[in-house]
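No lab work stands behind these numbers, since they all come straight from the coordinates. Computed from a predicted model, the values in this text were never measured in an experiment. Cβ coordinates were reconstructed from backbone atoms using ideal geometry, including for glycine residues, and neighbour counts include every protein chain displayed.
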Amino acid sequence: MKNQKPENLITVLDAGSTKSCVLVAELQDGVLRYRGHGVERSLGMRKGLIAELGPAAEAINRAALTAERTAKAGIETAVVGIGGTHVRGMNSRGGISLGSRMREITREEVRAAVDRARSVALPADREVLHLLPQEFILDDQPGIHDPIGMVGNKLEVNLHLSTCSGGVAQSVITCANRAGLEVLDTVYEGIASAEAVLSADERELGVCVADIGASTTELAIFFEGSVAHTAVLPIGGDHFTNDLAVGLHVTVEEAEYLKRTYGHCVVTAIPQMNEIEVGGNLTISGGQPARMVRQRFLAEILEPRARELFTMMRDNLRQGGVLEALGAGCVFTGGGAMIAGLLDNAESLLRVPARIGYPVPLSKMPEELVKPEYSAVIGMLLYTHRTQVRKASEEQGLRSKLKAIFAGSF
């Protein structure tokens, strides 16, 4: 089955509310190339969380088997995405004194400063997903991104901690294990999406990535190149669909179809006389007879939900102290970002420019994956690759240091 050395393959899993996706890439000469993927409808999920382990693991297993077939390689390990309202972000500051004499900063000092900053009291059930240094402060000089090799007496760090519920994260890991995958690492999906859709300029100027999934919207805010704030809002694309299902008295399947085909989040953008047929498609309308409905009626249902989402988002960014820091505006991605008129609401409520974020395509990747709903899973690959490269270069540095030490001792 395997015609590839497993260390050249990177596999990621995004177990979302509506779909479970396994994506495989190979690393060739430092370049990530698409190898295969599998997508299955998620089972056993409720509001973005795993409600039943068995069916959820089954869906992941099927997606993994499809990915193995298309990749023509066995998959044994994976990096898994974590999302949902249990994910929370917080900022912390800490540091170390290096004594009265000036000393050169090494990786050990950096690690000690980060450890001091991360030692905040977390509730018993919380786990740290990411430790993201925002800036280092050396002898009260701020704005340093990499202090290694510099000289000083006191090193401090501003840190962003992304935390999640230990129990929820463990459920996702257990599910992946049951599906035959060993979990190597976990990544917050908001940060993964940012990896796939943001430019370096946007990260510098200040930008908010909002990944609108089925049941939640995951936020990651960058400023001066670092993560400044992360949060998850309890509204996603399914809320828009359910509002239509209730308002139009149709099935959820038909509501989803109507949302994608005729939905709009700005009432005045729809001509008053426009009418659409509802309930005619017997396969998805639950056998209801067709009737005509004003298209504006859909917008009258969708616009308030869009305004609720962006009001909630504005309040969250304001509380996090980052609302004024969005020099490059907002980038919306995820399947829920594709509702027509959504960006207009975002721009009017947040008062910043907004755009749809499409993921960077990998080499040889099929066209069908270059869609906002695959931003998180593609971003997880890019994030994993970047962290692997960083670890390898750190190990390389350590190895050459040890060599030099041993060479000097003979």
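Longer than 27 Å from Cα to Cα, which of K47/K259; K259/K364; K47/K391; K19/K391 are they? Say none if no pair is.
K259/K364; K47/K391; K19/K391
Say R0 is 45 Å: what FRET efficiency, to the nearest 0.05, do H249 and S348 get from their beta-carbon distance?
Efficiency for this residue pair is about 0.90.
Take each complete run of DSSP H in the chain, measure how far its Cα atoms stretch along the helix's own axis, and keep only those covering 20 Å or more with mean Kyte-Doolittle hydropathy at least 0.0; list them.
53-71
Given springs between every Cα pair under 10 Å in a Gaussian network model of the chain, which of R314, R351, R390 has the largest fluctuation?
Residue with maximal mean-square fluctuation among R314, R351, R390: R390.
Which trypsin sites (Lys or Arg not before Pro) in segment 1-102 pass both tests, a DSSP loop state and at most 13 other beta-carbon atoms within 10 Å?
Counting only loop positions with at most 13 other Cβ atoms within 10 Å, the trypsin sites (Lys or Arg not before Pro) in segment 1-102 are K2, K72, R101.
Taking springs between alpha-carbon atoms closer than 10 angstrom, which of A169, A245, A200 fluctuates most in the Gaussian network model of the chain?
A200
Tell me the label-point distance for the pair Q288, L131, using the 7 Å Cα-to-Cβ offset, in nm and rounded to one decimal.
Placing both labels 7 Å beyond Cα along the Cβ direction yields 5.4 nm.
Here are labelled values, (i) 1.09; (ii) 1.03; (iii) 0.93, and one is the computed Cα Rg over 2.2 N^0.38 Å for what I pasted. Which one?
The listed entry that was calculated here is (i).
Working out 0.36 nm times the residue gap between T261 and T311, then minus their Cα-Cα distance, what length gain in nm do you get to one decimal?
Stretched out fully, the T261 to T311 stretch lengthens by 15.5 nm.
How much length is gained on full extension from S97 to V151, taking 0.36 nm per residue of separation minus their Cα-Cα distance?
Gain on extension, S97 to V151, equals 18.2 nm.
Take the chain, connect every pair of alpha-carbon atoms lying under 10 Å apart with a spring to form a Gaussian network, then pick out the residue of S100, S42, S375 with the largest mean-square fluctuation.
Residue with maximal mean-square fluctuation among S100, S42, S375: S100.
Using the 2.2 N^0.38 Å rule of thumb for compact globular proteins, work out how segment 193-255 stacks up: its C-alpha Rg over that value, please.
1.49
Hey, with R₀ at 35 Å, roughly what FRET efficiency would A51 and V120 work out to, going by the Cβ-Cβ distance, to 0.05?
Step by step, r from the Cβ atoms, then E = 0.65.
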